[in-house]
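Report on one structure; see the data block that follows.
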Amino acid sequence: RRGLAPHHEPMAAARSSRPVDYYDGKAVSLDIPEAIQRRLSVRSSLTPDSAKLILVMVGLPGRGKSFIAHKLSRFLNWTGYQTDIFNAGQNRRANHSPTNHSRAGFFDPSDAERKAKRESIAMSTFEELLEWLAGGGEIGIFDATNSNPQRRALLVSRAAEWKGWRSGDASPAAGGAGAGVAGGGGARFGVSIVFIESICTDKSILEANMLSKVRASPDFSGLSEEEALSDLRQRVSHYEASYVPVADEEGAYIKLFDL
């Protein structure tokens, strides 16, 4: 009959067949070499499904992390994802005096007291990000140096142990739905982390980034440009003493060069 497509049994059968999932152990058995299967397994572990995502910036000062974070935020919000940036430096400036907490000495890794203060500020900022995700946010960008494996492992551990509750659900602490009951009415969600490391070795780009930073950042108010650059370079040297690039075993990551 005109207007009706001819009936093809093979096509109908194909439409009803179950698609192959290369990551599903229960999927149709495929003749894939063991070495390739191991690689697919690693890929699967690095790209888990989750309701929420945290992008963790990584890199030395003056490497354009905040610039990249804002570009990402604008793009992701434009595509429809509720995205926000949580900057540890802004929290530091908002809650501590600039003279004692913005100059290079505050970033000296050999000063245990100041190191503990920096870790406290960073983790407090990360907690704000997690709570924002619980309130309905979808992608949180954690903007800080996160320049050593210990800090990054702590972030991963905190995200793994934290169980958020979707917007509109009272948290367990508030006695809301599902409080204290496994599988209760509260809607928990998973959180994944992807590290975004900015690496810059081009001297001209580094110089431009540093000039931009000292001219715009409140950390250097009251200093001449020459004094500010000297202070920033000393801060960078403090971070370089303990900086370790992101490694494969730390999880999913993206590395950007000379931006």
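The values are calculated or read from the model by the stated rules, or taken from the named source; none is laboratory data. Bear in mind that the values here come from a model prediction, so they are computed numbers and not experimental data. In this analysis, Cβ positions are derived from the backbone assuming ideal geometry, glycine residues included, and neighbour counts consider all displayed protein chains. Side chains are part of the model used for accessible areas, which takes the heavy atoms of the whole protein and leaves out ligands, DNA and RNA. Shrake-Rupley method; radii C 1.70, N 1.55, O 1.52, S 1.80 Å.
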Under 6 Å between Cβ atoms, at least 6 apart or on separate chains: pull out the pairs that start in region 48-70 with a residue that is on the phi > 0 side of the Ramachandran plot and end on any residue that is open to solvent by less than 10 Å² (accessible area, probe 1.4 Å) and at pLDDT 90 or above.
G59/E197; G59/S198; G64/S198
Any chance you could count how many residues in region 190-207 are free of Cβ contacts under 8 Å to residues at least 24 places away in the same chain and charged (D, E, K, R)?
2
Inside region 88-101, the number of residues satisfying the requirement of being closer than 19 Å to F142 by Cα, open to solvent by less than 70 Å² (accessible area, probe 1.4 Å) and in contact with a helix residue (DSSP H, G or I) (Cβ under 7 Å, 6 or more places away or on another chain) is 3
R151 vs. criteria among the charged types (D, E, K, R), in a helix (DSSP H, G or I) and more than 17 Å from the chain's Cα centre (by Cα):
no
Can you pull out the strands (runs of 3 or more DSSP E) entirely within region 46-145 that have at least 3 residues that are closer than 26 Å to L259 by Cα and not aliphatic (A, V, I, L, M)?
83-87, 139-143
Go over the candidates E240, E197, E225 one by one and state the one that is charged (D, E, K, R), under 16 Å from L60 (Cβ atoms) and open to solvent by 70 Å² or more (accessible area, probe 1.4 Å).
E240
Can you tell me how many residues in region 105-162 are of a type in the set (G, A, S) and buried (at least 16 other Cβ atoms within 10 Å of the Cβ)?
7
Taking the condition modelled with pLDDT of 95 or more and either in a loop (DSSP other than H, G, I, E, B) or in contact with a Phe, Trp or Tyr (Cβ under 9 Å, 6 or more places away or on another chain) (or both), does S198 pass?
yes
Among the residues of region 104-118, are any in contact with a Pro (Cβ under 8 Å, 6 or more places away or on another chain) and within 24 Å of G64 (Cβ to Cβ)?
no
